[in-house]
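Engineer: Just dropping this structure here.
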Amino acid sequence: MRRWLAVAGAVVLALAALVVVGRHERSRHAASENRKIAEIRRLVGPLDSPSLDAFRLLPQFSCLLYKRRDNRFALELCVDAQGRVVEAIDRRGRTPRIASLREDPSHATVRVERAEVDRLLRKLGALS
Amino acid sequence: MPRRRPRAGPFVALGAFVTLALVSSAWSARTGWTERRSGALLLLAVAGSALAAATAARPEAVRRILEALVAAAAIVALLGLYLLWVSHEQAVQSASVQYPARYRGIGQNPNTVPLLLALAVPLTLWLWTEARARSRKALVAGALLLFDGSIVASGSRGALIAALAGAIVWVVTLRRPWRLRLALLAAAATVFAADVAITQIPKPLSPAAVHGASGPHRVVKDAELVVPLEDELGRPGKGAPPIRRTLFGTSGRARAWDGALHQIARRPVAGFGFGTEQFAFVDRYYGFDSSVPENSYLGVALQLGVVGLAALLILLGALAAVAVRALRTLTGRALAAAQACASVVVAGVVLGLTQSYLTSPGNLASSTFWIAALCLPALAAENV
C-alpha cells in the first residue's frame, strides 16, 4: 500500500513539475516571438507609411506589406481582429525572418489600431 | 477455470500517455482544443481497454473484433466507389502541375482513406487464411483487391509501404515452412512493385497547359496571389520549373519536417499542448500541402514535447514486447489473431513516419490501430 502511495505521489510531483516547465516554455517562447515582432514593427514605422504596397487577407488575420528598395513584400505585419500583431515577417535578407504567435494569439503583446488597419486595407482595395 | 486478465504493461503506458495529454491543457496554446482532443483520446483509450478486458484470452472474441475492423474498412472503400460513380469530381482530386489526378473516395484528401486501408491489408490476409468456405475466401480476396486498388489509385506511397510492411510481418511470423514464406514474401514484393509502377502512370499537368496567355503586366496588390504564405519557403526562383512529385520525392515533407523540428525546439520539453498540432505547425513550404507535418512522431513532439514523444515510444515498445511474447507462446487461432494484430501494429508504426494520425482520435485509421494493438495484451492474457 505504502509503495503504491509513494508511486502515486511521485507521479503527481512529476506532473506538477511538467506543468511548471510547460508554462515556463510557453512564456519564454511568447516573450521571444513578441520581441521579434516588436522589432519588425519598429522597422515598419507608421502603418500609413508611403512604403505600404500590398495586403493579404486570411481567415485568421489580415496583413499589410511594406516595400523596401525593389522588394515589394519586404516587411509584413499580420493583425488579428483584436488588433494583435500575431505574425511579422522580414524578407529583406535571403531567408525570410519570421516571428509568429499564430498558435497562441492570446499571448501576442504588440498591438495596433485595428480600425486603422481596416482603413488601410480599404485604401489598398482589399475591402469593398 | 482461472480468471485471465490482459497484460498490464501497455495499459499502464497508455494511461501515462493519456494523462500527459489531459494535463497538457495547463500549458496549452489552445486550452479548449486540448481539453476536447484529450477527452476524445481518453474515450478511445477507455473503449480499447474495455474491449481488451472483455476479450482477455478469448481469441474467438478478438477474431470478431478484427473481422469488424475489416468490414468497416470495406464499407469505407465501397462508399468511395459509390461516390466515384455519383460524382467524379468529389471522388478524384484533379491533376495539378505538381500532382497527377488522385483518387480520394470519401476521404478529405487522397491520403485519408488509404491510412485505414493500409492497416486493413494485413488483417485481410489473415482473414483469407482463416476462411474455410470458397465463397468466403472469394469475398475476402475481393476485399483485398478493393483495398489495394484504392490505395494504388490514391497514389499514397506511405500507405503502400505500410501495407507492405504489415504483409511482410504477417508472412514472416507464419508457422509455415521457410520456402513457402519466402515465396509469399516474393509475391508481396511483386505486388508492391506492380502497385508502384501503376501509380507512375498518371502524370501531372504540364506547366504549359496551365499558364494561360499573359496579358499586360498589372501590379497585384494582394500578396496572397503572388507569394502565398503557405508556399513561401523553398519557392523556386523565377523561370525555374515547378516542383513535380516523383517516386522517391518527399512531396515537400523534408522541408516541412525540418520546419517542425525548429518549432519543436521552441517548446522542447512539454510542447504546445495535446491537440494543437495544426496550430503549432504552420505550412510555409513550397510543394507541401497539409496543415500538419505528416509525421506522427514529430506531431507528438510538437504537442507534448520530448516527454510526450518518449511516452508514446514507451507505449509502442510495451505493445511490441507483448506482441513478441504472444507470438512466442500462443498457438492455434490465438496465435493467428496475434500475428494479424502484430502486423497491424507494424504497419501503423511505419505509417506514422509519413502521416500524422496515430494520436488523432477522430482519424479513421487511429481507432483501427489502437483497437487492434490493444487486442495483443488481451490475447497474451495472464492468469489472475
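The values are calculated or read from the model by the stated rules, or taken from the named source; none is laboratory data. Predicted model only: the values in this text are computed from it and were never measured. In this analysis, Cβ positions are derived from the backbone assuming ideal geometry, glycine residues included, and neighbour counts consider all displayed protein chains. The area values use the complete protein model at the heavy-atom level, side chains included, leaving out ligands, DNA and RNA. Shrake-Rupley method; radii C 1.70, N 1.55, O 1.52, S 1.80 Å.
Engineer: Give me the percent of the accessible area of segment A:2-123 that comes from carbon and sulfur atoms, probe 1.4 Å, all protein chains in place.
Structural biologist: Accessible surface attributable to carbon and sulfur in segment A:2-123 totals 57 percent.
Engineer: Could you tally the net charge around B:LEU127, taking each other residue with its Cβ under 15 Å from the Cβ of B:LEU127, Lys/Arg +1 and Asp/Glu -1?
Structural biologist: +3
Engineer: Bins of 20 Å, beginning at zero and ending with the bin holding the largest distance: percent of Cα pairs per bin for chain B, please.
Structural biologist: 27, 55, 17, 2, 0
Engineer: Using only alpha carbon pairs under 8 Å that are at least six residues apart, calculate the relative contact order of segment A:2-123 and give it in whole percent.
Structural biologist: 20 percent
Engineer: Can you give me the Cα centroid spacing of segment B:1-59 and segment A:43-80 in angstrom?
Structural biologist: So the separation of the two Cα centres works out to 47 Å.
Engineer: Count the lysine pairs in the protein assembly as shown whose Cα atoms sit under 25 Å apart, keeping only pairs 8 or more residues apart in sequence or on different chains.
Structural biologist: Count of close lysine pairs: 7.
Engineer: From the square roots a ≥ b ≥ c of the eigenvalues of the alpha-carbon gyration tensor of the protein assembly as shown, which class results: rounded (a/c under 1.5), prolate (a/b over b/c), or oblate?
Structural biologist: It comes out oblate by the Cα gyration axes.
Engineer: Just reorder B:TRP85, B:TRP370, B:TRP128, B:TRP33 by solvent-accessible area, largest first, 1.4 Å probe, all chains present.
Structural biologist: Highest to lowest solvent-accessible surface, that is B:TRP85, B:TRP128, B:TRP33, B:TRP370.
Engineer: Quick one: helix A:2-44 against the long Cα principal axis of chain A, what's the angle to the nearest 10°, folded into 0 to 90?
Structural biologist: Taking the Cα atoms of chain A, the angle to A:2-44 is about 10 degrees.
Engineer: I want the local charge near B:GLY80. Using Cβ-Cβ distances under 15 Å, sum +1 for each Lys or Arg and -1 for each Asp or Glu among the other residues.
Structural biologist: 0
Engineer: Taking DSSP loops as anything outside H, G, I, E and B, show the longest stretch in chain B free of trypsin sites (Lys or Arg not before Pro) there with at most 12 other beta carbons within 10 Å.
Structural biologist: The reported range is B:239-384.
Engineer: Could you state the accessible area per residue of the protein assembly as shown in Å², with a 1.4 Å probe and every protein chain left in place?
Structural biologist: Heavy-atom SASA per residue in the protein assembly as shown reads 48 Å².
Engineer: Something else about it: May I ask you to find the residues of segment A:12-41 that are shielded by at least 40 Å² of accessible area once the whole protein assembly is considered instead of their isolated chain (probe 1.4 Å)?
Structural biologist: A:LEU15, A:LEU18, A:VAL19, A:GLU25, A:ARG26, A:HIS29
Engineer: Within the set of other residues whose C-beta is less than 13 Å from the C-beta of A:GLY22, count the net charge using Lys and Arg as +1 and Asp and Glu as -1.
Structural biologist: So the surrounding residues net to +3.
Engineer: Using 7 Å Cα-to-Cβ label points, what is the B:LEU182/B:VAL269 separation (nm, one decimal)?
Structural biologist: Taking the simple label geometry, B:LEU182 and B:VAL269 are separated by 5.4 nm.
Engineer: Follow-up question, since we're still on this one. Relative contact order for chain B: what percent, with Cα pairs under 8 Å and sequence separation of 6 or more?
Structural biologist: The value is 29 percent.
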